[in-house]
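The structure under discussion appears below in the form of structure tokens.
The values are calculated or read from the model by the stated rules, or taken from the named source; none is laboratory data. These figures come from a predicted structure and were not determined experimentally. Every residue, glycine among them, receives a Cβ derived from its backbone with ideal geometry; neighbour counts consider all protein chains shown.
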Amino acid sequence: MKLLYPIFLLLFCLNTTTYAQSFNETMPHDGMTRSYRIHLPPDYSPNSVLPLVLNFHGLGSNAQEQEIYSQFSPVADTAHIIVVYPEGIDNLWNVGFGGTTDDVGFTNDLIDTLHARYNIDLESVFSTGMSNGGYMSYKLACELTGRIQAIASVTGSMVPSQLAACNPSEQIPVMQIHGTADPTVAYNGSTFGAPIEDVVAFWVGHDNCEPVTAVDVEDIDMTDGCTAERFDYLTCDGDNEVVFYKIDQGGHTWPGSPIVIGSTCQDFDASDEIWKFFYKYRSPNVMVSNNDITSANEIKVTPNPFSDELTINLPTQDLVAINVLDLNGKIVKTVVERNTEMLVDMQSFVSGIYFIQAVYENEIAMKKVVKQ
């Protein structure tokens with residue numbers, strides 16, 4: 001099976017988005033110079049203890065492309081967390097196929113390095129990744145038990161031999177996001193990847209969870225060519241959970257990404273959902289946000305993605321202001337209307353990601369939107 005990510009398409013689609021708080025760093029490991037890209041929240045202070053999310057790129061990709069494709073840095077800004085995008089040797093991770101690099105040892109040392117440099121909370125370290133990066137997150141769950149508090153795999157799996165040998169000394173919360181029409185990491189399995197439902201079943205068994213029924217994810221974008229179900233295994237030992245997003249007709253893609261390659265589900269934002277999942281397993285020593293806007297002041301935006309204009313629906317009681325923010329958190333438009341349903345002209349804005357911000361007397365609600 002060829003796992004190489006369609007990088008030429010990704011490069012063609014990427015814009016010149018940069019993040020002021022993102023930069024590259026290096027560290028020595030095993031006789032090599034290893035690199036990674038780190039993103040700090042705008043109000044970062046070395047006196048604050050913050051969680052760490054490791055976000056691993058896919059095979060053939062790299063750290064910066066994973067930052068742009070997954071759009072996890074804007075999530076980190078509003079959640080007040082640190083996210084790091086490690087760089088694999090030869091653009092891959094040694095997860096049981098391809099290469100002999102000790103990537104588990106590198107990750108272990110990377111956590112220590114980041115703790116020394118940025119005061120990360122060692123009890124709030126999480127791992128996610130795309131494709132080969134999803135495999136890597138599972139490898140850490142198997143082999144770096146105790147250092148990683150929860151993992152999430154997007155379009156990744158486990159090598160069958162690893163699935164058979166994996167025996168973590170502790171239970172760990174797991175999220176899996178996968179499309180049934182993934183042409184790269186096959187949903188029903190291959191030589192290089194166990195069937196996705198077998199992977200989920202393994203972690204459900206390991207965490208001793210009770211079975212649940214599926215809940216349909218609201219089909220908010222009927223033009224994306226796919227729908228999604230969410231399986232929540234909530235009754236597990238040690239207050240752990242296993243969550244599985246099954247995307248019917250979904251491809252080898254990151255749901256919610258503004259870079260659409262094939263069948264990309266836009267009914268939920270993978271980065272948002274992953275952080276909300278991780279948030280539950282952070283240490284009580286850190287003060288962060290779960291980015292959850294499903295409150296009394298929830299914002300609803302249609303269509304999303306949009307072209308020239310969008311409609312905002314939200315409660316107006318105690319509403320102070322409605323703003324449109326860019327990726328850097330700068331207000332680029334203020335909505336003057338104060339109706340429960342407002343039509344907003346965005347024709348003059350360039351394509352990209354924006355945030356609708358509703359400021360209430362006791363709360364700020366946010367909603368990510370994408371202009372095509």
Next item on the list: Would you check which residues across region 74-120 are touching a Leu at 6+ places or on another chain (Cβ under 8 Å) and of a type in the set (S, T, N, Q) and list them?
Entry: N91, T107, N108, N119
Check: Since L4 meets every condition but one in (1) at pLDDT 50 or above; (2) part of a loop (DSSP other than H, G, I, E, B); (3) surrounded by 12 or more Cβ atoms within 10 Å (Cβ to Cβ); (4) not β-branched (V, I, T), which condition does it not meet?
Finding: (1)
Check: In region 42-90, what count of residues is obtained for those that are within 11 Å of G129 (Cβ to Cβ) and assigned to a loop (DSSP other than H, G, I, E, B)?
Finding: 5
Margin query: Can you pull out every residue in region 245-291 that is more than 19 Å from S70 (Cβ to Cβ), at pLDDT below 95 and not hydroxyl-bearing (S, T, Y)?
Written below: K280, R282, P284, N285, V286, M287
Checklist line | Flag if N304 is under 21 Å from T145 (Cα atoms), surrounded by 14 or more Cβ atoms within 10 Å (Cβ to Cβ) and in contact (Cβ under 8 Å) with a residue 40 or more places away in the chain | finding: no
Notebook entry, point to check: Looking at region 292-301, which of its residues are charged (D, E, K, R) and at pLDDT 85 or above?
Noted result: K300
Margin query: Please verify whether T33 is free of Cβ contacts under 8 Å to residues at least 40 places away in the same chain and β-branched (V, I, T), treating the condition exactly as stated.
Written below: yes
Margin query: Tally up the residues in region 222-251 that are aromatic (F, W, Y) and touching an Asp or Glu at 6+ places or on another chain (Cβ under 7 Å), please.
Written below: 1
Next item on the list: Please work out which residue is farthest from the chain's Cα centre (by Cα), limiting yourself to region 224-277 and to residues that are assigned to a helix (DSSP H, G or I) and crowded, with 20+ Cβ neighbours inside 10 Å.
Entry: F277
Note to self: Here is a list: I353, I322, I364. Which entry is outside the structural domain of D224 (by TED's automatic domain parsing) and modelled with pLDDT of 85 or more?
What the structure shows: I322
Notebook entry, point to check: In region 180-227, which residue that is of a type in the set (G, A, S) and on the phi > 0 side of the Ramachandran plot is modelled with the highest pLDDT?
Noted result: G189
Next item on the list: Name the single residue, out of those in region 339-372 being surrounded by fewer than 11 Cβ atoms within 10 Å (Cβ to Cβ) and without any contact (Cβ under 8 Å) to a residue 24 or more places away in the chain, that is farthest from S271 (Cα to Cα).
Entry: S348
Check: N108 is checked against (1) surrounded by fewer than 22 Cβ atoms within 10 Å (Cβ to Cβ); (2) touching a Ser or Thr at 6+ places or on another chain (Cβ under 6 Å) and fails just one. What number does that condition carry?
Finding: (2)
